[in-house]
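One structure is given here, and the rest of the page talks about it.
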Amino acid sequence: MTPGATTGGSPLEQYVRSAVAAHRADRGALLPILHDIQATFGYVDPAVVPILADELNLSRADVHGVISFYHDFRKSPAAGTHVRVCRAEACQAAGAEQLVAHVKDRLHTDIGGTSPDRGTTLDQVFCFGNCALGPTVEINGRISGRVTPQRFDALLDKA
Ligand code: FES
């Protein structure tokens with residue numbers, strides 16, 4: 001199927017095909033397309049895999065492999081509150097691992113999971129570009145630096 005063709009399809013499919021059309025000339029088009037999908041829908045629905053494979057002439061395994069390799073891509077919608085903790089080097093040196101342990105305890109879930117009350121999803125990120133102010137946490141899109149366990153609790157209560 002050619003990009004931009006008006007074949008109907010779900011809004012997701014239409015979006016994916018238009019994102020492909022916008023990035024088709026880019027080298028390594030798959031990653032920017034996946035970022036666009038996640039920015040628009042909040043996650044990368046597994047239903048996009050066959051569409052992208054078809055559009056980009058890749059195998060479904062190739063597309064799935066890229067989505068799985070990059071931890072930034074969610075495979076399901078986040079809960080009402082979305083917490084992302086940086087685990088890259090600079091934040092680790094500033095205490096990110098202790099913070100991650102605290103956050104897991106506080107939310108009663110692991111990285112990639114959702115709290116038992118279904119209210120908060122926890123994900124990890126490898127650098128927000130806020131390295132000088134680690135440990136860095138993002139709650140519902142808002143980045144905070146120098147986050148201690150106590151500060152995390154306060155930020156979460158406010159969210
Ligand atoms: S290393 Fe955490 S923001 Fe860059």
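Percent of Cα-Cα pairs per 10 Å bin, from 0 to the last occupied bin, for the chain, please list those.
All Cα pairs considered, the percentages come to 11, 35, 28, 19, 7, 0.
Which ³J(HN,Hα) values, rounded to whole Hz and listed in residue order, are derived for the range 132-147 from phi using the Karplus coefficients 6.51, -1.76 and 1.60 in 6.51 cos²θ - 1.76 cosθ + 1.60 with θ = phi - 60°, glycine and proline given as x?
For the range 132-147, the Karplus-derived couplings read 5, 10, x, x, 10, 10, 10, 10, 6, x, 9, 8, 10, x, 6, 8 Hz, x marking Gly and Pro.
Tell me, what HN-Hα J-couplings in whole Hz come from the Karplus equation 6.51 cos²θ - 1.76 cosθ + 1.60 at θ = phi - 60° for each residue of the range 85-101, using x for Gly and Pro?
10, 7, 10, 6, 3, 5, 5, 4, 5, 9, x, 4, 5, 5, 5, 4, 4
Compute the distance in nm between two label points, each set 7 Å from the Cα along the Cα-to-Cβ direction, one at Asp110 and one at Ser76.
The answer from the label model is 1.4 nm.
Run the lone-cysteine check on the chain: no other Cys C-beta under 4.7 Å from the residue's C-beta.
Result for the chain is Cys127, Cys131, no neighbouring Cys Cβ within the cutoff.
Amide H neighbours of His82 under 5 Å, counting only residues 5+ apart in sequence or on other chains, H built in-plane at 1.01 Å?
Thr121, Asn140
Hey, can you grab everything whose amide H is under 5 Å from the amide H of Gln124? Only 5+ residues off in sequence or another chain; H modelled, so Pro and N-termini drop out.
Long-range HN contacts for Gln124: Val85, Gly112.
How high is the relative contact order of the chain? Use alpha-carbon pairs under 8 Å, at least six apart in sequence, and give a whole percent.
Relative CO of the chain lands at 18 percent.
Under the rule of -39500 (n - 2.57) per DSSP H run of 4 or more residues, summed and divided by the residues of the chain, what mean residue ellipticity at 222 nm is obtained, to the nearest 500 deg cm²/dmol?
-13000 deg cm²/dmol
Could you compute the FRET efficiency for Leu12 and Ser59, with r as their C-beta to C-beta distance and R0 at 22 Å, rounded to 0.05?
Using R0 = 22 Å, I get an efficiency of 0.60.
Please list, in chain and number order, the residues 5+ apart from Ala88 or on another chain whose amide H is under 5 Å from its amide H, with Hs placed from the backbone.
Amide H neighbours of Ala88: Cys127.
Counting Lys and Arg as +1 and Asp and Glu as -1, each charge on the Cβ, what is the dipole of the chain about the Cα centre in debye, to the nearest 20?
Dipole magnitude for the chain comes out near 240 debye.
Looking at the range 103-154, which chymotrypsin sites (Phe, Trp or Tyr not before Pro) are DSSP coil and have at most 13 other C-beta atoms within 10 Å of their C-beta?
Sites meeting the loop and neighbour criteria: Phe126.
What percent does the relative contact order of the range 81-158 come to when contacts are Cα pairs within less than 8 Å and at least six residues apart?
Relative contact order comes out at 38 percent.
Give me the number: length gained by fully extending Leu133 to Tyr43, i.e. 0.36 nm times residue separation minus the C-alpha to C-alpha distance, one decimal in nm.
29.7 nm
Say R0 is 30 Å: what FRET efficiency, to the nearest 0.05, do Arg142 and Asp26 get from their beta-carbon distance?
That pair, Arg142 with Asp26, gives E of 0.50.
Could you compute the net charge surrounding Val137? Neighbours are other residues with a C-beta less than 14 Å from the C-beta of Val137; K and R count +1, D and E count -1.
Residues close to Val137 contribute a combined charge of +3.
Computed from the coordinates by the stated procedures, all read-outs in this text should not be read as laboratory data. These numbers were taken from a predicted model, which means no experiment stands behind them. Heads up, the Cβs are rebuilt from the backbone with ideal geometry, glycines too, and the neighbour counts pull from every protein chain shown.
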